[in-house]
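Heads up: the structure comes next, in structure tokens.
The values are calculated or read from the model by the stated rules, or taken from the named source; none is laboratory data. Values in this document were obtained by computation on a predicted structure and should not be read as measured data. Methodologically, a virtual Cβ is constructed for each residue, glycine included, from the backbone with ideal geometry; neighbour enumeration extends over all protein chains shown. Calculation scope for accessible area: heavy atoms of the full protein, side chains included, ligands and nucleic acids excluded. Shrake-Rupley method; radii C 1.70, N 1.55, O 1.52, S 1.80 Å.
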Amino acid sequence: QVQLVESGGGLVQPGGSLRLSCAASGSVFRINAMGWYRQAPGKERELVATITSGLRTNVADSVKGRFTISRDNAKSTVYLQMNKLKPEDTAVYYCNADIMGRGSYYGVDYWGKGTLVTVSS
């Protein structure tokens, strides 16, 4: 009943920047925590950053100081600002959110389909 749609991925040179967006739509009553994960070829999916409804953030050490997560509750959207990108950042980036639907007493974990980020010359 809820969809997460990512956008903003693409090809960028090392040292460049990209901004990813993820918008939730459907029967949304409340969005609790939201986050970004990524998966590179041959690797496990890993957490990149999370942000709670109270705007507390957690960022992986590998991207700390370069990536910033934020959210706009009015737009039901979470963002990932990626600066100083490195080739090792190349991966499919997935949006994740814990969402409580209208009439529900608990949240459900949702995933987007992913957006590809390629960092290369």
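Connecting C-alpha atoms closer than 10 Å in a GNM of the chain, tell me which of Asp98, Asp89, Asp109 has the biggest fluctuation.
Result: Asp109 has the largest fluctuation of those listed.
If you roll a 1.4 Å probe over the heavy atoms of the protein chains, what accessible area per residue do you get for the stretch 22-121, in Å²?
Details: 5510 Å² over 100 residues.
Value returned for the stretch 22-121: 55 Å² of accessible area per residue.
Given points 7 Å out from each Cα along the Cα-Cβ axis, report the Gln1 to Leu116 separation in nanometres with one decimal.
Each label point lies 7 Å from its Cα, and together they span 3.5 nm.
How large is the translational diffusion coefficient of the chain in µm² per second when you combine the Kirkwood radius over alpha carbon pairs with Stokes-Einstein at 20 °C and 1.002 mPa s?
Numbers: Rh = 14.5 Å.
Answer from the Stokes-Einstein relation: 148 µm²/s.
Need the list of aspartates and glutamates near Lys113 for cross-linking: C-alpha distance under 17 angstrom, and skip anything on the same chain fewer than eight residues off.
Within the straight-line limit of under 17 Å, Lys113 reaches these aspartates and glutamates: Glu6, Glu44, Glu46, Asp98.
Take the solvent-accessible surface of the protein heavy atoms, probe 1.4 Å, and return the percent of it on the chain that carbon and sulfur atoms account for.
On the way: 3230 of 6720 Å².
Here it works out to 48 percent.
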